[in-house]
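The values are calculated or read from the model by the stated rules, or taken from the named source; none is laboratory data. Remember, predicted model here, so these are calculated numbers, not experimental data. Here Cβ is always computed from backbone atoms with ideal geometry, including for glycine, and neighbour counts include all displayed protein chains. Quick note on the areas: whole protein, heavy atoms, side chains included, nothing else; ligands and nucleic acids left out. Shrake-Rupley method; radii C 1.70, N 1.55, O 1.52, S 1.80 Å.
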Amino acid sequence: MGANRHNSSELPTFTLTGLPGLETSQHWVFLLLAALYTVSIVGNALILFIIKEEQSLHQPMYYFLSLLSVNDLGMSFSTLPTVLAAFCFHLRKITFDSCMAQMFFIHLFSFMESGILLVMSFDRYVAICNPLRYATVLTDARVVHMGLSVIIRSFCMVFPLPFLLKRLPFCRTNVLSHAYCLHPDLIRLPCGDITINNIFGPFIVISTFGMDSVLILLSYMFILRSVLAIASWEGRVKPLNTCVLHMCAVLIFYVPMVGVSMAARYGKHAPAHVHTLMSLIYPFVPPMLNPVIYSIKTKEIHQKLSRMLVGSKF
């Protein structure tokens, strides 16, 4: 069967993949994903509303949490159209431009989440290791600058990806491994020289996820050293409790990412639907769990949410 060759003047279309081998159960999978989308969108919207309404939450820590919620909403809405089309309406085709746009936003929000977790770790570092300087270090202007830096860095990292792919000829069967578009999946398809893509992809991953994870680890090493210097057990537990939520957010983000990478590298003989399910965890779990954890564990948010729920019954 001859392969169709595409160039920049004749852009290809791509075929999305649902769950190979589980086609008869995909409607149940869609119901599960719809529940996850609902929790993610409603939960993050509630977090933003509560922080806006509660004056006591107008602090750097909660400003960063607001940015995290906006980012999680962006990730959910980036994957929603194609996941809904593939699992509910069995529409598997996606145009080149639509695929590039989705890829751009998925990677943009992924890089942004890593940066947001980094600035949140800096917030915890200053609060615990230099509490007397907290108000002077994390001013409103500096918080805005840090947020803008995260956005600009992520944009600059992701912006070249669509153009690096558009210059390549596509001459294979353009079937994707997931129900959405990702750069590592797309660079398997061109029949031209992908050396630049293979270099640039790992470079931006190492310079963002790699660097951010190292800096987050260093911040917690300094925090732990500062906490261990406190004599009383109660004095140690209190500052560590303020870090629990952030540590959970870090684990929720990085563990699925590492799991997907390990499955792709070492699970080549596993059934195709295992890889697809693993890939669904990465964009779905963090946006869904972050608002749940912060709503339960943050006293002010929990109390406001409880009052809202109780008030809605009357």
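Looking at Gly147, Gly115, Gly192, which one is in a helix (DSSP H, G or I) and farther than 25 Å from Met278 by Cβ? Show your work before the answer.
Details: Gly115 fails: farther than 25 Å from Met278 by Cβ; Gly192 fails: in a helix (DSSP H, G or I).
Criteria check complete, one pass: Gly147.
Here is a check on your reading of the model: is Val205 crowded, with 18+ Cβ neighbours inside 10 Å, within 15 Å of the chain's Cα centre (by Cα) and in a helix (DSSP H, G or I)? Break it down stepwise before answering.
Details: crowded, with 18+ Cβ neighbours inside 10 Å: yes; within 15 Å of the chain's Cα centre (by Cα): yes; in a helix (DSSP H, G or I): yes.
Yes: the conditions hold for Val205.
Just the residues that are surrounded by fewer than 12 Cβ atoms within 10 Å (Cβ to Cβ) and either hydrophobic (A, V, I, L, M, F, W, C) or at pLDDT 85 or above (or both), please, taken from segment 219-257.
Met221, Arg225, Leu228, Ala229, Ala231, Trp233, Val237, Val244
So which of Ile216, Ile199 ends up being in a helix (DSSP H, G or I) and surrounded by fewer than 18 Cβ atoms within 10 Å (Cβ to Cβ)? So that I can check it myself, show each step before the final result.
Numbers: Ile216 fails: surrounded by fewer than 18 Cβ atoms within 10 Å (Cβ to Cβ).
Sole residue among the options that is in a helix (DSSP H, G or I) and surrounded by fewer than 18 Cβ atoms within 10 Å (Cβ to Cβ): Ile199.
Taking segment 50-86 on its own, how many of its residues are more than 25 Å from Gln102 (Cβ to Cβ) and either over 21 Å from the mean Cα position of the chain (by Cα) or in contact (Cβ under 8 Å) with a residue 60 or more places away in the chain (or both)? Let's see the steps before the verdict.
Within segment 50-86, the first condition is being more than 25 Å from Gln102 (Cβ to Cβ), and the residues that meet it are 50-65.
Subsequent filtering for residues that are either over 21 Å from the mean Cα position of the chain (by Cα) or in contact (Cβ under 8 Å) with a residue 60 or more places away in the chain (or both) retains 50-61, 63-65.
Going through segment 50-86 one residue at a time, the tally reaches 15.
Please go through segment 121-143 and give me each residue that is without any contact (Cβ under 8 Å) to a residue 40 or more places away in the chain and not in a helix (DSSP H, G or I), ordered by number.
Residues satisfying the conditions are Asn130, Thr139.
Please tell me if Leu80 is open to solvent by less than 40 Å² (accessible area, probe 1.4 Å) and either under 30 Å from Glu10 (Cβ atoms) or basic (Lys, Arg) (or both).
Working: open to solvent by less than 40 Å² (accessible area, probe 1.4 Å): no; either under 30 Å from Glu10 (Cβ atoms) or basic (Lys, Arg) (or both): yes.
No.
Residues are listed down the side, and each one gets a yes or a no for (1) of a type in the set (Val, Ile, Thr); (2) at pLDDT 95 or above; (3) open to solvent by 30 Å² or more (accessible area, probe 1.4 Å):
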{"position": "Phe89", "(1), (2), (3)": "no, no, yes"}
{"position": "Ile94", "(1), (2), (3)": "yes, no, no"}
{"position": "Asp97", "(1), (2), (3)": "no, no, yes"}
{"position": "Ile106", "(1), (2), (3)": "yes, no, no"}
{"position": "Phe109", "(1), (2), (3)": "no, yes, yes"}
{"position": "Leu132", "(1), (2), (3)": "no, no, yes"}
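For Ala35, which of the numbered conditions (1) under 20 Å from Gly147 (Cα atoms); (2) without any contact (Cβ under 8 Å) to a residue 24 or more places away in the chain fails to hold?
(1)
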